[in-house]
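Working notes, beginning with the structure itself.
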Amino acid sequence: MGIVKIIETIGSSPDSWEAALKNAVDDASELPIFKSKKNITKVNVKNFDVEVEDNKIILFKCRVEILLE
């Protein structure tokens, strides 16, 4: 059994939850921990949210756990 590191982050996008998820993973992959040859092995989506202004969705958000080996 190996050691797994979990990073929790939030991604956002004005377009969709899929884009918010992609942004969360892309942003996390820029962290210094990835410079030590850590690889993302799994992403768990914890929840979805939206920001609303004038009764219209203006921002999609998703909170994710990113698992590294």
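Quick notes
- Sites residue 51 and residue 4 - FRET efficiency at Förster radius 25 Å, r taken between beta-carbons, to 0.05: 0.20
- In region 16-69, lysine pairs with alpha-carbon atoms under 22 angstrom apart (chain gap of 8 or more, or interchain): 9
- Highest-first packing order for the peptide set 11-20, 50-59, 25-34 is 11-20, 25-34, 50-59, based on the mean count of other beta carbon atoms within 10 Å.
- Signed unit charges on C-beta, dipole axis of the chain, positive-most listed residue 28, 16, 39: 39
- Charge dipole of region 5-68 (Cα centre as origin; +1 on each Lys and Arg Cβ, -1 on each Asp and Glu Cβ, all else neutral): 540 debye, rounded to the nearest 20.
- Principal-axis analysis of the Cα atoms of the chain puts helix 17-28 at an angle of about 40° to the longest axis.
Laboratory data are not the source of any read-out in this text; all were calculated from the coordinates shown. Please read these numbers as outputs of a predicted model, since none were measured by experiment. Don't worry about glycine lacking a Cβ; one is built from the backbone with ideal geometry, like all the others, and counts go over all protein chains shown.
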